[in-house]
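The values are calculated or read from the model by the stated rules, or taken from the named source; none is laboratory data. What you see is a predicted model; the values in this text were computed from it and never measured. When we count neighbours, we look across all protein chains shown, and the Cβ atoms used for this are built from the backbone with ideal geometry, even at glycine.
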Amino acid sequence: MQKHVDTMEFIELTPGAEVKTTRHGWRAKCLQRLIRLELPVPRTVALPCDTVRAIAAGHAIDRDHLSEAFPSDFLVSVRSSPENPEWGGPGTVLNVGMNDSMLARLTESHGAEAAEALYLRFVQNYATHVDRLDPDMFAEEPGPGALERAMATYRQELDEGFPQDPVHQLAQVLRSMARAWEGTTARLLREAKGAPADAVLGLVVQQMALGIGPGLSGSGTIQFVDSVTGAQQITGRFRGQSQGRKRAVETLYLTRDPRGASLEEASPETFAKLQEFGDRCRIGLREEMQLEFAIENSDVAVIDAVRVVRSSRAAVRVAVRLAEQEIIPREDALLRVEPRALSELLHYQVDPRAPRDVLARGIAASPGAATGKLVFSAAAAQAAAARDERCILVRRETSPEDIRGMHASVAVLTERGGITSHAAVIARGLGLPCIVGCSEIQVNSRDRSLTGPKGRVFREGDLVTLDGSSGEVLVGEAAMLEPALDEGFQTLLHWADTVRDIGIRANADTPDDARTARMFEADGIGLCRTEHMFFDEDRLTVMREMIFADTPNDRRVALERLLPMQREDFKALFDIMAGQPVCIRLFDPPLHEFLPHGREGMRELAEALDRPLSEVTRRVEALSEFNPMLGMRGVRLGVTVPEIYDMQARAIFEATIEASENGAQVVPEIMIPLVSAQREVEIVKTRIDAVASAVKNERKADFTYRLGVMVETPRAALRAGEIAEHAAFLSFGTNDLTQMTYGLSRDDAGRFMSTYVNQGVYSEDPFHILDVEGVGELLLIGASRGRAARPNVTISVCGEHGGNPESIAFCRAAGMDYVSCSPFRVPVARLAAAHFAL
Ligand code: PEP
Ligand code: MG
């Protein structure tokens, strides 16, 4: 016994009807808005979600009710109307109500061919969607006899003729769509798109505008901006004598087209009307819409409208234009652009419309795309750059020795490593597209090849494209979109700056980085990792001499040669940053990172230093540590080999004086890494103050500087109170702090991180998204103890997390003064910070 639905309710969409997105779905709501804007929308009736759910559950549909709502002298379409358009829903069914008598009527008015084609489409649709017959049996294109054959097949399969009662047809279509929504596949699909488990569906039934018949008739879509670029440009399609997406009987382009006639030329009035509808939607719905329309004998009907699908760059342009036209407030424009999407705009990007031959997938570690020839060593990369060839450096993983090779490459690919591995950090800093942890490939540096899935082998010189935004390695060259740092982008970010209430600085090690930081309008440099300055060929040798020095005096001699180089480095940074704060971190890594590893390298070093190979080997071995990241590095070097910090402090102060002479006054910030005890800070501070006094005396000049501490050991966070007594600022190095809080190597965790995340051990990679529960608590403890001891202490984060929107939200809530991130992440951070302030 079928039950009747108590709640069976149909509501006609009129300007005053009570239509709600939550009750009737987005499409019903949108159509009602179009009706309010007085667009020519055919009569439309909405079925609320409750009703649809009841129908799916087997409640009978009341015939009388249905025939009252839909008199049977016209055809109708049925479309799905979920709460959110992203959630999909069963496909549209057109021409419900078509039967033999309607065929006769339409044959008279529209001709036999058009009428039969329409009937055939409906029978095909009905048979496959409602009766679930095999689509292959109903695949014939319209043509002589096709309709009869489809009818015969139908009768044969179901032992009865095609249903002639329009009300019965409609009830069946409604039921099949309601049930389709409840199917397991549909449910999984929409849940993957973020729909809740109990997401409901509304349906809309609309009188058909036929799009066929005498005079100018057809159907199409039109939008007024380009989906990829966001430029104001009319695009869409128009098919003469057609419905929906089905094959056109007549070809008529939408806009003027050299290939043939167009709607724009054939009927300028109709075209102008469509444009006017677009304007009305833009203003009324405060959005760029794509209109679906039908024309019947020159009468235009607007059947449906959806928000124009758009790329990130189009999203920026559209949002800014709508605000500039005062259609939406600036705050809305800011909120309409997803911060992360901006990173796509800063780089070349694989054209989303282009075909892709994916060789392998890895972790998308630095966005943007580049095409180049494969190389398997830093030396090969430099050789390729010297030949002016674009190359992609492939390594199992990178080490500091590869930096020069990375500079010479257009992109970097590694088989191992995670989001904060060496390759990833350096590539983000350089703005190079980078994929790490690409375990689908095997790198064989010896024979200069890589093997991908299915045994595909690629050799040095083969052309590939790296898409660092998606993590895909593509075979060959791919069509690209240029970076889009255009006016719209700049405007949006300036609006963001007026709203945000947390500073955004950049991590910048080189003049190039600093220029990028300026270009992206960072509020200064929050972390300059000075050790990266020592990897250039000429400096590496002096650096090694310094490391090998037997006495403090020998060491001083080597450092004196490094001093002018460092002074120039810092002066360049100060000049470029033009008075904005520059925070320089003193030397941090273990010394052995500067020494060669292989035999060949040792021999070269022995030669360069003019020492016996055995001695070089012995010294290198003596410097090696079991656990260098927890060994002699950071401030521990500053305490045990203080001459290095002395030299750096002197270089900073001398550069300060020189840069201030002809430019803006510089107040350098000097930061001590890897501190874990107050006494470390005292010792270093005493020496640096002494260097400052000496330089002031020698140069007869005055300057001020700020000395601060990097909080990157759990102990420093816990003892932040006493540490802050000697520190003008505390900057949390969340990379090391994460590593040490978890006891998890940032260089090795990539190997099992995906297993850990997949099994829900960690909800995210903590090197990527700040672990607010653990590391975050240390941040809060450190910040509050630091502030309690020294209320005006500046507090910031300079780990990789600084560029991550969720982490910025946390830092802002914790009352931090600024975050500092890779220069190429600055725009994302500026917009994200504005979002949180709104
Ligand atoms: C950190 O540890 O968070 C940091 C910024 O320093 P580095 O990444 O150079 O160790
Ligand atoms: Mg660190």
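Here are a few things to note about the model shown:
- The sole residue among Ala381, Ala365 that is outside any loop (DSSP other than H, G, I, E, B) and under 30 Å from Phe836 (Cα atoms) is Ala365.
- Count of residues meeting criterion [outside any strand (DSSP E or B), farther than 17 Å from Thr516 by Cα and out of contact with any Pro (no Cβ under 8 Å at 6 or more places or on another chain)] in segment 813-835: 7
- The requirement of being in a helix (DSSP H, G or I), over 26 Å from Arg715 (Cβ atoms), more than 16 Å from ligand 2 (Cβ to nearest atom) and assigned by TED's automatic domain parsing to the domain that holds Asp509 is not satisfied by Phe810.
- Taken over segment 769-783, the criterion of being in contact (Cβ under 8 Å) with a residue 24 or more places away in the chain and either at positive phi or out of contact with any Gly (no Cβ under 8 Å at 6 or more places or on another chain) (or both) is satisfied by Ile769, Asp771, Val772, Gly774, Val775, Gly776, Leu778, Leu779, Leu780, Ile781, Gly782.
- Within segment 95-107, tally of residues that are in contact with a helix residue (DSSP H, G or I) (Cβ under 7 Å, 6 or more places away or on another chain), crowded, with 21+ Cβ neighbours inside 10 Å and not small (Gly, Ala, Ser): 4
- Residue that is nearest to ligand 1 (Cβ to nearest atom), among those in segment 698-723 that are farther than 25 Å from Gly579 by Cα and in contact with a strand residue (DSSP E or B) (Cβ under 8 Å, 6 or more places away or on another chain): Glu712
Let's see how each residue does on (1) within 22 Å of Ile426 (Cβ to Cβ); (2) more than 16 Å from ligand 1 (Cβ to nearest atom):
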| site | (1), (2) |
| --- | --- |
| Thr530 | yes, no |
| Ala549 | no, yes |
| Leu559 | no, yes |
| Arg619 | no, yes |
| Asn627 | no, no |
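To keep it simple, each residue is scored yes or no on (1) free of Cβ contacts under 8 Å to residues at least 24 places away in the same chain; (2) part of a helix (DSSP H, G or I); (3) among the hydroxyl-bearing types (Ser, Thr, Tyr).
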| site | (1), (2), (3) |
| --- | --- |
| Cys528 | no, no, no |
| Arg539 | no, yes, no |
| Met543 | no, yes, no |
| Ala558 | yes, yes, no |
| Met565 | no, yes, no |
| Gly579 | no, no, no |
| Met602 | yes, yes, no |
| Leu605 | no, yes, no |
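- Within segment 724-756, being assigned to a loop (DSSP other than H, G, I, E, B), in contact (Cβ under 8 Å) with a residue 24 or more places away in the chain and either more than 15 Å from ligand 1 (Cβ to nearest atom) or at positive phi (or both) holds for Glu725, His726, Ala727, Ala728.
- Count of residues meeting criterion [within 30 Å of Glu86 (Cβ to Cβ) and free of Cβ contacts under 8 Å to residues at least 60 places away in the same chain] in segment 132-175: 3
- All of (1) of a type outside the set (S, T, N, Q); (2) away from ligand 2 (no atom under 16 Å from the Cβ); (3) under 18 Å from the mean Cα position of the chain (by Cα) hold for Arg448 with one exception: (3).
- Single condition Met632 does not satisfy, out of (1) within 16 Å of ligand 2 (Cβ to nearest atom); (2) of a type outside the set (Lys, Arg); (3) farther than 18 Å from Ala690 by Cα; (4) within 37 Å of the chain's Cα centre (by Cα): (4)
- Candidate set: segment 724-735, residues that are under 28 Å from the mean Cα position of the chain (by Cα) and crowded, with 24+ Cβ neighbours inside 10 Å; chosen: the one nearest to ligand 2 (Cβ to nearest atom): Gly733
- Within the set Arg715, Arg751, the sole residue that is surrounded by fewer than 16 Cβ atoms within 10 Å (Cβ to Cβ), more than 14 Å from ligand 2 (Cβ to nearest atom) and at pLDDT below 95 turns out to be Arg751.
- Qualifying residues in segment 757-777 (those that are away from ligand 1 (no atom under 16 Å from the Cβ) and of a type in the set (Gly, Ala, Ser)) - the one nearest to Thr741 (Cα to Cα): Ser763
- Filtering segment 508-535 to residues that are of a type outside the set (A, V, I, L, M, F, W, C), at pLDDT 95 or above and under 11 Å from Ser822 (Cα atoms) leaves only Gly526.
- A search for C-beta distances below 9 Å between a residue of segment 189-217 that is in a loop (DSSP other than H, G, I, E, B) and surrounded by fewer than 12 Cβ atoms within 10 Å (Cβ to Cβ) and any residue that is at pLDDT 85 or above and β-branched (Val, Ile, Thr), counting only pairs 6+ apart in sequence or on different chains, returns Gly215/Ile295.
- Residue within segment 436-459 that is touching a Gly at 6+ places or on another chain (Cβ under 9 Å) and at pLDDT below 90 present: no
- Listed by first and then second residue, the pairs linking a residue in segment 610-632 that is in contact (Cβ under 8 Å) with a residue 12 or more places away in the chain to a residue that is buried (at least 16 other Cβ atoms within 10 Å of the Cβ) and part of a loop (DSSP other than H, G, I, E, B), with Cβ atoms under 6 Å apart and 6 or more places separating them unless they lie on different chains, are Val620/Leu595; Glu625/Gly631; Pro628/Pro590; Gly631/Pro590; Met632/Pro590.
- For segment 778-796, the count of residues that are touching a Ser or Thr at 6+ places or on another chain (Cβ under 8 Å), within 12 Å of ligand 1 (Cβ to nearest atom), of a type in the set (A, V, I, L, M) and farther than 13 Å from Arg505 by Cα is at least one.
- Residue-level check: of (1) within 26 Å of the chain's Cα centre (by Cα); (2) of a type outside the set (Gly, Ala, Ser); (3) closer than 21 Å to Ala508 by Cβ, Cys438 misses just (3).
- For segment 35-48, the set of residues classified as out of contact with any strand residue (DSSP E or B) (no Cβ under 6 Å at 6 or more places or on another chain) and not in a loop (DSSP other than H, G, I, E, B) consists of Ile35, Arg36, listed by residue number.
- Search result, residues across segment 277-298 that are free of Cβ contacts under 8 Å to residues at least 60 places away in the same chain and either basic (Lys, Arg) or outside the structural domain of Ser262 (by TED's automatic domain parsing) (or both): Arg282, Arg286
- Among (1) buried (at least 21 other Cβ atoms within 10 Å of the Cβ); (2) at pLDDT 90 or above - the single one Gln241 does not satisfy: (2)
Conditions tested, residue by residue: (1) assigned to a loop (DSSP other than H, G, I, E, B); (2) more than 16 Å from ligand 2 (Cβ to nearest atom).
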| residue | (1), (2) |
| --- | --- |
| Ile769 | yes, yes |
| Leu779 | no, no |
| Ser784 | no, yes |
| Ala788 | no, yes |
| Ile795 | no, yes |
| His801 | no, no |
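- Residue ID - farthest from Arg282 (Cα to Cα), chosen from residues in segment 38-96 that are among the hydrophobic types (A, V, I, L, M, F, W, C) and without any contact (Cβ under 8 Å) to a residue 60 or more places away in the chain: Ala60
- Residue ranges of helices (runs of 4 or more DSSP H) in segment 612-684 with at least 3 members within 28 Å of Gly721 (Cα to Cα): 635-640, 643-662
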